[in-house]
Amino acid sequence: MEQYVIKGGNPLVGEVEIGGAKNAALAILSAAVMTDETVTIENVPNVRDTNVLLNAIEEIGARVERLDAHTVRINGSFIRDFNVDNEFIRKIRASYYLIGALLGKYKRAEVALPGGCNIGGRPIDLHMKGFRALGAEVDIKYGLVRAYAEKLTGTHIYLDKVSVGATINIMMAASMAEGKTIIENAAKEPHVVDVANFLNSMGANIKGAGTDVIRIKGVEKLHRTEYSIIPDQIEAGTFMVAAAATRGDVLIKNVIPKHLEAISVKLMEIGATVEEFDDAIRVTSDHRLGHTQIKTLPYPGFPTDMQPQIATLLALSDGTSIVTESIFENRFKYVDELSRMGASIKVEGGNVAIIEGVEGFTGAAISAPDLRAGAALVVAALVAEGYSTVDCIHYIERGYECFEDKLAALGGYIEKIPVDDERAVQKFKLKVG
Ligand code: UD1
């Protein structure tokens, strides 16, 4: 088990390269098994969640070849097993994409019920409703979601709630259904569009991804493709906030600035400088920022996956800010840890945080409660006076590749060391002074 040891107070300065989008990759890697031909996928982030998924895909018989750290070649023609279950896959949320992929191609799938970050109840009723509307029988037994169909038939589906996962999953299965499917009230996130583009590059016929209504004409077969995944909006957003919080100057490269607009607008509103380039964004700040109100919403609204990071920044800003979480029920678990560093945050009704900005944080021994909150606590520690340790970093490693290396290259004092290794802590302290 490892932890981060961090000394705060150094502004982050320099350039950082953003990797491929984790949440797009998880769907695209799953969808890659929907053809019997070979698919090459580039810009795959080398993070725990994608590796767990690739192992699961391999376990059911697909050939997975890693050409380099970020390029994967997959051939799904050898799949003979439709049961996806192991102790690791049960921990990731996106295992559910294998239901849509296998159901679409083989008309059957048995996949361990998804886990993922504990940020509130995370039902999959909308996914199941969509599969049933396409003609599948779906149940949950022995911890598995089981879906079977004689054939899938195109249909008209209205999603009661905007769901990224359900939109993508239904889109995948419907790609290989007979006839036409319409998904209304679809999610519009950049990764929904990326998955649709990927499926279309394999011969699917999907129109309207990125709008509320997605139209899919089912095809019998999908074919080989080579595809590069879009940059990760949330990794980029995290570095944007880290630059602003540490009063630094960071050029964040390999991004699509349009995908970051909700974050850029809020950073500018509270006084940071944000400059957009074709495929980069620069965030600078040299003073204490101001307060604002933020409500998380489906894209193009402010992303829930950036809520802990921006709340951390607002906890250091001047005045009272209000952050409302409207997507998940239990996404303020990091507030207790942040309070131990000196933040003043009151959570009301479980989903509204009232933040009284403080002048600074002080270092503490803290624990990452989930992926994005873990990243937010690292940002807090990079600002805090003195030393912090952050444990349970396996959560952070689910979605951030070489997080500590990228932060250290920007001048952050951060190192990954074994948990309970007091000598390593002392060595770090001697090194950074
Ligand atoms: C995905 C992302 C996650 C992000 C979230 C919202 C992945 C692997 N994860 O999660 O990082 O925070 O989108 O942008 O891509 N809901 C239902 N029934 C369902 C499905 C969802 O009620 O069948 C609810 C959820 O509880 C939540 C809301 O709909 O309140 C949105 O969830 P959804 O967009 O589906 O999130 P995920 O796909 O789980």
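The values are calculated or read from the model by the stated rules, or taken from the named source; none is laboratory data. Here the structure is a predicted model, which is why all the values come from computation and not from measurement. Neighbour counts run over all protein chains shown; Cβ positions are idealised from the backbone, glycine included. Ligands, DNA and RNA are excluded from the accessible area calculation, which covers all protein heavy atoms including side chains. Shrake-Rupley method; radii C 1.70, N 1.55, O 1.52, S 1.80 Å.
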With +1 on the Cβ of every Lys and Arg and -1 on the Cβ of every Asp and Glu, the dipole magnitude of the chain about its Cα centre, in debye rounded to the nearest 20, is 900 debye
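By the gyration tensor of its Cα atoms, with a ≥ b ≥ c the square roots of the eigenvalues, what is the shape of segment 258-309: rounded for a/c under 1.5, prolate for a/b over b/c, or oblate?
Working: a/c = 2.28, a/b = 1.13, b/c = 2.02.
It is oblate, given that a/c is not under 1.5 and a/b is not larger than b/c.
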³J(HN,Hα) computed for each position of segment 141-152 - Karplus, 6.51 cos²θ - 1.76 cosθ + 1.60, integer Hz, glycine/proline x: 9, 6, x, 10, 8, 10, 10, 9, 8, 5, 8, 9
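What order do you get for 261-272, 150-161, 392-403, 73-84 when each peptide is scored by the mean count of other beta carbon atoms within 10 Å, highest first? Mind dumping the intermediate values first?
Numbers: 261-272: 18.8, 150-161: 15.2, 392-403: 21.4, 73-84: 17.1.
Top to bottom by mean Cβ count within 10 Å: 392-403, 261-272, 73-84, 150-161.
With a 1.4 Å probe and all protein chains left in place, how much accessible area per residue does the chain have, in Å²?
Numbers: 16890 Å² over 433 residues.
Ligands and nucleic acids excluded, the result is 39 Å² per residue.
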Karplus-derived HN-Hα couplings along segment 201-213 (A = 6.51, B = -1.76, C = 1.60, θ = phi - 60°), whole Hz, x at Gly and Pro: 5, 8, x, 6, 10, 10, 10, x, 4, x, 10, 6, 10
Once the Cα atoms of helix 22-31 and of the chain are each reduced to a long axis, what angle between those two axes, in degrees from 0 to 90 to the nearest 10, is obtained? 10 degrees
Roughly to the nearest percent, how much of the accessible area of segment 19-97 is carbon and sulfur, given a 1.4 Å probe? 42 percent
Report, in whole Å, the centroid distance computed from the Cα atoms of segment 395-418 and segment 278-339. 21 Å
A 18 angstrom limit on the alpha carbon distance is what I want to check against. Which of Lys151/Lys217; Lys161/Lys207; Lys129/Lys295 exceed it? Lys161/Lys207; Lys129/Lys295
Amide H to amide H, which residues 5 or more places from Asp249 or on other chains are under 5 Å from it, using H placed in the peptide plane? Leu12, Val13, Gly14
Considering amide H positions built from the backbone, and no H for Pro or chain starts, which residues 5 or more places from Ser228, or on another chain, come under 5 Å of its amide H? Glu42
Starting from the Cα of Lys258, draw a straight line to each of the lysines and keep only those under 17 Å, dropping any in the same chain fewer than 8 residues away. Lys188, Lys266
Would you mind telling me the share, in percent, of accessible area of segment 281-327 contributed by carbon and sulfur at probe 1.4 angstrom? 53 percent
May I ask you to list the lysines whose Cα is less than 16 Å away from that of Lys429, ignoring any residue fewer than eight positions away on the same chain? Lys7, Lys416
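Please give the length that would be gained between Lys431 and Thr211 if that part of the chain were fully extended, namely 0.36 nm times their separation in residues minus their C-alpha to C-alpha distance (nm, one decimal).
Details: separation 220, 0.36 × 220 = 79.20 nm, distance 5.17 nm.
74.0 nm is the gain from fully extending Lys431 to Thr211.
Before anything else, pin down the relative contact order of the chain: Cα pairs under 8 Å, at least 6 apart, normalised by residue count, whole percent.
Relative contact order comes out at 20 percent.
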Calculate, in nm to one decimal, what Lys295 and Glu59 gain on full extension: separation in residues at 0.36 nm each, minus their alpha carbon distance. 80.9 nm
From the phi angles alone, apply the Karplus equation (6.51, -1.76, 1.60; θ = phi - 60°) to segment 75-87 and give each ³J(HN,Hα) in whole Hz, x where the residue is Gly or Pro. 10, x, 6, 9, 5, 10, 10, 10, 10, 10, 7, 7, 4
Can you spot the lysines whose alpha carbon is less than 17 Å from Lys91's alpha carbon? Ignore those fewer than 8 places along the same chain. Lys22
